[in-house]
1. Skip the ligands, DNA and RNA, and give the accessible area per residue of the range 139-267 with a 1.4 Å probe, whole Å².
2. Please give the contour-minus-distance gain from GLN87 to MET247: 0.36 nm per residue of separation, less the Cα-Cα distance, rounded to one decimal in nm.
3. With every protein chain present, what accessible area does VAL160 have (1.4 Å probe, heavy atoms only), rounded to the nearest 10 Å²?
4. Would you please give the FRET efficiency between TYR219 and LEU254, computed as 1/(1 + (r/R0)^6) with r the Cβ-Cβ distance and R0 = 30 Å, to the nearest 0.05?
5. Between CYS211 and LEU194, 0.36 nm times their residue separation minus their Cα-Cα distance comes to what?
Amino acid sequence: MYQKPHGAGVSHERVEHRAAKVSLVTGLSTLLAVGFQLISVPICLKYWGRETYGSWLALYAAFMLVRSLDTGFVTYVGNKLNYLYHQDQNALREHLASSISGIAVIGAIQLLIGVAVIFSDGIVLLLGLSLNGAAAHQTGLALLVLICTWALSGSYLGIVHRLLIPTGFMYQAAWWSMGFQVIQFTGIILAAMLHFDMLQTSLLFAFTQCCIYLASAIYIRRKLPAYYPWWRDGRPCTGIRDLGRSMLLTASSLITQGSTNGMVILVSALSSPAVVPVFTTVRTLANLWTNVTNVLATPLLPDV
């Protein structure tokens, strides 16, 4: 008979009540995301100017495109944790710990891309990140900083965060997701007001990202002590097998990111970084209804 592990409490509240709570937070998060987009544009344009702000948006789009290499794997393992929680706790721990192997492979690929960019100004120019060779080298360094900090902190903790869904902490996870948005928005506004260049901005962004992920890791450890250390009893072969099975999800993620962040890069490369702020603002408003739909559907994930 299944026994719930100590420190992992599933909420017994009604589905409707939980969905309403999570929808409230995710709805607020969506409004904040749109609001942050609309607020950041005039502020960043005032302090940075169109060229620098557009360059940051293109740089961030390139980072998100590289980051999407691990999205499929994180989704696959996260889904596995969701149903194994109710079936086999030992298997759940094995897949959670073994995912480090898959993350290590993906992280190595991401770092190789970052290093390739830093040594090839042509790639930076092709991505629409800069208009001259000197700035291209600095922008390449900035992209490498973002990729390094993500590969070393965000990827694996993204899988650990998935534990919050089946264990009854989806409401709290929604608040953490909002916290990530607030911290990132604050960092970018601060960078713009201080007139930071791309490298300085990426360092500040990476620092704030590491801080919020570290804080969330401490929170999860305290709320779900039964699963810590998360890397215990891992098997590399299990992680690599999961990585292979997640390839279709990764391909889907790359296609999705190509249609969103890839478009930002394309606009920057074919026109100029100065055009990017207008494009991203219009697109945010156009996608508002899609975000509202996600707000209503996401809370039903545990039951699905």
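The values are calculated or read from the model by the stated rules, or taken from the named source; none is laboratory data. Everything quoted here is computed from the prediction, not taken from an experiment. Counting neighbours? That spans all protein chains shown, and the Cβs are built from the backbone with ideal geometry, glycine included. Keep in mind that these areas ignore ligands, DNA and RNA; they rest on the heavy atoms of the full protein, side chains included. Shrake-Rupley method; radii C 1.70, N 1.55, O 1.52, S 1.80 Å.
1. On a per-residue basis, the range 139-267 sits at 44 Å².
2. 55.1 nm
3. Approximately 0 Å² for this residue.
4. With a Förster radius of 30 Å, E is 0.45.
5. Extending this stretch completely gives an extra 4.1 nm.
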